[in-house]
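The values are calculated or read from the model by the stated rules, or taken from the named source; none is laboratory data. The shown structure was predicted, so the numbers you read here are calculated from the model rather than taken from an experiment. Ideal geometry is used to build each Cβ from the backbone, glycine not excepted, and the neighbour counts take in all protein chains shown. To get the accessible areas, we keep the full protein, side chains included, count just its heavy atoms, and leave off ligands, DNA and RNA. Shrake-Rupley method; radii C 1.70, N 1.55, O 1.52, S 1.80 Å.
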Amino acid sequence: MAWATPNSMREGLAAGDLSAEGLVQAGLARIQRLDGRLEAVLSTDAPRSLEQARIADARLAGGERGPVLGLPVVLKDNLHWKGTPCTSGSRILAGYRAPYDATVVARLLQAGAVPLAKANMDEFAMGSSGEFSAFGPARNPWDTARVPGGSSSGSAVSVAAGYAPFALGSDTGGSVRLPASFCNLTALRPTYGVLSRYGVTAMASSLDQVGPIARTAEDVAALLGVMAGADPLDATSVDLPRQEALWPLRAATLKGLRVGLPREYFGEGLEAGVREAIEGALQRFKDAGAELVEVDLPHTRYAIDAYYLVCTSEVSSNLSRFDGLRYGLSERVEGQTLAELMALTRNAGFGAEAKRRILLGTFCLSKGHYDAFYLKALKVRTLIRQDFLKAFEQVDVLATPVSPTVAFPLGAKLDDPLAMHLADVYAVGAPLAGLPALAFPAGFSAGLPVGMQLMGPALSDVRLLELVQAFQERTDYHLRTPEL
Ligand code: GLN
């Protein structure tokens, strides 16, 4: 049952052939059967999930219908779901339970979706492979010797393996798009502000956005539609224009669409098999009447540097709240003084990548280095944003690969932080510029999925989904599922 599409689930629920409770049970059974191998799930709370399912079943019995009513959704473990564990993939938060619902979770519950599980992730969402989780790496269902992509590793694997039709991840510098690309899924990083950050454990606040993950643009739209919009609890949140067009989602015409291909995203380092798949997918856009135009985003070569300076600076500030007094761990470490307690807690609680970023960020923000690193990075960020704004004077959207490679083997980049960071080279531009980016299946290379991304002007999220809906009506890459 868990392999059914949301459409067939909705039909089954409406006809009374299925129940939300049954879908939860089927999802939990599938987790039970497969997750020993895939390690995508950190926790489940069957009684709580079943309680939500029964509420949904009562609403369905009363004749109510909705895009996510009665359908299971897996939540990344940095999203607060009241009463359940919320570790953010870190030992320092082991034992912490969410005291309230994140706004995105509250809105999902209101719409009748049923949380099924909390998903594995890189510690505090720092990583590109899922391997920086304190609880061990999730595995790619297409090849369990490979990474699923991070940091929303478990969320993507949960959808790819059919635990649930929907998942939420978060995307600071690519973390829903990269795993979508590696697992043959569709995932949106919304325009900054479209989804509330209230109740999302902060990594880098000026970059963090929650992102819906599913198989198709239509399903991503269904999720986005019930969560988007300004939230009084997040001052950076905004309303999404044309939100009502998300359900049901219609395909946009591709005829006359001007698709920009940034030269900098097709250069050295792009794997031949990925390039070939992307070129094939671009040909499909062309066949449907789109016009392909080469453009330049000249500051792209500084994007990774700017991203890691801004990101680590914000990380060092956000993670300072984990001091052993307010959250987790402290009862297990002994310190004679306050400073010692904090040091011992952090040493025991944070993994290597978290420590690396806190150190780097603290250095960037320190007196004497602030101007040279942090301020400079902010200026470069503005230049990168201006590149995009200029490009959108010429073209409607930009099309690029999500990543220069397909899913890489577990362990391949673990000892080389720089190589790991380079996996994000095409992903960090949109977050730095605050723009929406939609990743979707675009072909295969040696049996492994290849993802493409469309980026658009701020608040063009609905349009991006409509365009990919048109692409998915003409292609079947997104229909392929791994054998498990
Ligand atoms: N891989 C990037 C990083 O490690 C992005 C992470 C994310 O988007 N959360 O920072």
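Which of the pairs Lys286/Lys390; Lys255/Lys413; Lys367/Lys413 have their Cα atoms more than 31 Å apart in this structure?
Lys255/Lys413; Lys367/Lys413
Placing +1 on the Cβ of each Lys and Arg and -1 on the Cβ of each Asp and Glu in the chain, which of Gln336, Leu18, Phe135 has its Cα farthest towards the positive end of the resulting dipole?
The residue sitting farthest along the positive end of the dipole is Gln336.
Considering only Cα-Cα distances, which of the following residue pairs are longer than 20 Å: Lys82/Lys355; Lys82/Lys118; Lys355/Lys376?
Where the Cα-Cα span goes over 20 Å, the pairs concerned are Lys82/Lys355; Lys355/Lys376.
Put Ser205, Ser158 in order of accessible area, largest first, 1.4 Å probe: what do you get?
From most accessible down to least: Ser205, Ser158.
With all protein chains present, calculate the accessible area of Arg284 using a 1.4 Å probe and round the result to the nearest 10 Å².
My reading of the accessible area for Arg284 is about 80 Å².
Just subtract the alpha-carbon distance of Asp415 and Thr144 from 0.36 nm times their residue separation and send over the number in nm, one decimal.
Roughly 95.6 nm would be gained on extension.
Taking a ≥ b ≥ c as the square roots of the eigenvalues of the Cα gyration tensor of the range 374-420, is the shape rounded (a/c under 1.5), prolate (a/b larger than b/c) or oblate?
The shape class here is oblate.
So how far apart, in nm, are the two label points at Ala272 and Glu11 if each is 7 Å from Cα heading toward Cβ?
4.4 nm
So for each of 306-318, 252-264 I average, over its residues, the number of other beta carbons within 10 Å; can you give me the resulting order with the highest mean first?
With the highest mean Cβ count within 10 Å placed first, the list reads 306-318, 252-264.
Ordered by residue, what ³J(HN,Hα) values in Hz, to whole numbers, does the range 222-232 give under the Karplus form 6.51 cos²θ - 1.76 cosθ + 1.60, where θ = phi - 60° and Gly and Pro are x?
4, 5, 4, x, 8, 10, 6, x, 3, 9, x
Sort Glu473, Glu291 by heavy-atom solvent-accessible area, probe 1.4 angstrom, most to least.
I get Glu473, Glu291, largest accessible area first.
Ordered by packing density, taken as the mean number of other Cβ atoms within 10 Å over each peptide's residues, highest first, how do 70-79, 433-442 rank?
Result, highest mean first: 70-79, 433-442.
So what is the relative contact order for the range 1-158, in percent, with contacts set as C-alpha pairs under 8 Å and at least six apart?
This gives 24 percent for the range 1-158.
So what is the relative contact order of the chain, in percent, for Cα pairs below 8 Å that sit 6 or more residues apart?
18 percent
So how strong a dipole does the range 239-303 carry about its Cα centre when Lys and Arg Cβ are +1 and Asp and Glu Cβ are -1, to the nearest 20 debye?
For the range 239-303, the charge dipole is close to 260 debye.
Near Val428, within a Cβ-to-Cβ distance under 15 Å, what is the net charge of the other residues, with Lys and Arg +1 and Asp and Glu -1?
Once all neighbours under 15 Å are counted, the net charge is -1.
Full extension from Glu279 to Glu244: what is 0.36 nm times the residue separation minus their Cα-Cα distance, to one decimal in nm?
9.3 nm
Quick one: which residues, 5+ away or cross-chain, put their amide H under 5 Å from the amide H of Val114? H built at 1.01 Å from N.
Here the answer is Gly70, Leu71, Val73, since their amide H atoms fall under 5 Å of that of Val114.
At Glu473 and Ala348, where each label point lies 7 Å from the Cα along Cα→Cβ, what is the point-to-point distance in nanometres?
In this crude label model, Glu473 to Ala348 measures out at 5.9 nm.
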